[in-house]
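In what follows, a structure is listed as structure tokens, so that the remarks can point back to it.
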Amino acid sequence: MTAGPAVWVEAARPNTLSAAVAPVLVGTAAAERFLAWRFAAALVVALAVQVAVNYANDYFDGTRGVDTADRVGPRRVVSAGLVAPATMRLGIVAALAVAALAGLALSAATTWWLLLVGLAAFAATLGYSGGPRPYASAGLGELFVFIFFGLAATAGSAFVQDEAVPLAAWLAAVPVGLLAVAVLMANNLRDLSTDAVAGKRTLAVRLGERGTRLCYVALLASAFAGVPAIGLAAGSGWPLLALGAAPLAIAPARFTLEGAVGHRLIGVLVGTARTHLAFGALLAAGLLLAGGPG
């Protein structure tokens with residue numbers, strides 16, 4: 001079975017890649033200097049890890065029977081028979097190898113302690129849906145996303161520039177991470193019923209439909225509420241530019257509160273990812289204008 005490039009791009013789930021891009025933009029903008037190759041390497045690490053996560057979820061959910069014909073979300077290529085499980089395992093290894101090479105270069109240029117962060121991220125990548133006790137089924141997926149695609153990715157992107165992490169980067173990591181969690185929660189709200197049947201007890205399954213919808217909206221609101229603190233840390237009002245992404249969050253929040261189900265929740269996921277990316281881009285612009293790398 002040979003899958004073409006389009007199938008691999010589909011399996012990478014481009015609509016979720018904002019979770020990788022936003023923290024690198026924000027963390028780099030919060031730093032005091034800018035080294036282009038380190039920015040590029042950090043972006044490669046983040047994107048490759050996110051792709052590996054998506055490939056791993058496709059593989060594990062496909063081979064464990066979580067993805068069934070009742071699933072509403074985007075097609076999973078393993079369960080659809082487009083990519084053989086063994087081939088998808090190679091895809092996961094390839095994505096992690098790309099991340100490892102870029103991460104190795106950054107570690108050599110800064111500190112070898114970064115390798116420990118990388119190893120933890122790789123373990124989290126495989127442990128979400130894989131292993132004997134997937135942490136997604138323990139309701140911990142959102143926590144790990146906040147840690148790795150919020151705190152670690154944002155602060156880490158600042159660190160590889162300055163070899164230190166300014167307060168503004170730590171504060172910016174919180175809303176960036178909350179929006180990454182909102183992307184995951186929108187995804188898991190859509191899959192709530194099929195995950196429950198398959199025994200995958202995500203946080204959405206544990207909270208129930210109403211609790212998940214309220215939690216999703218609270219994540220959006222909390223992310224935007226945290227922006228003023230970033231401005232205070234940066235000593236400038238420019239980071240408030242991130243509030244310009246708020247209108248993009250209105251429709252996903254409204255649809256979620258109104259009880260959107262099925263394919264309408266795909267639109268919520270896409271809208272959340274766009275909000276995340278716009279928030280990250282505007283916050284990065286604000287941090288640059290406030291006196292970021294120069």
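Things to note:
- Between the residues Gly286, Ala95, Ala152, the greatest Cα displacement towards the positive end of the dipole of segment 5-289, with unit charges on the Cβ of Lys, Arg, Asp and Glu, is found for Ala95.
- Helix 114-127 vs. the chain, principal-axis angle (Cα, 0 to 90°, nearest 10): 20
- Relative frequency of Cα-Cα separations exceeding 11 Å in segment 118-165, percent: 67
- Extension gain, Leu104 back to Ala6 (0.36 nm per residue minus Cα-Cα distance, nm): 32.4 nm
- The label-point distance for Val93 and Ala123, in a model that sets each label 7 Å from Cα toward Cβ, rounds to 2.2 nm.
- According to the Kirkwood relation over distinct C-alpha pairs, the hydrodynamic radius of segment 5-289 is 18.9 Å.
- Ordered by the number of other Cβ atoms lying within 10 Å of each residue's own Cβ, fewest first, Arg206, Arg213 fall into the sequence Arg206, Arg213.
- Calculated log₁₀ intensity ratio I(q)/I(0) where the Debye formula runs over C-alpha points of segment 73-170, q = 0.17 Å⁻¹: -0.91
- Sorted peptide list for 171-179, 270-278, criterion being average Cβ within 10 angstrom, highest first: 171-179, 270-278
- For the chain, the longest principal axis of the alpha carbon atoms and the long axis of helix 85-109 meet at an angle near 10°.
- Computed from Cα positions, the angle between helix 167-190 and the longest principal axis of the chain comes to roughly 20 degrees.
Read-outs: derived from the displayed coordinates by stated rules, not from any lab. Everything numeric in this text was worked out from a predicted model, so none of it was measured. Note that each Cβ is placed from the backbone with ideal geometry, even for glycine, and that neighbours are counted across all protein chains shown.
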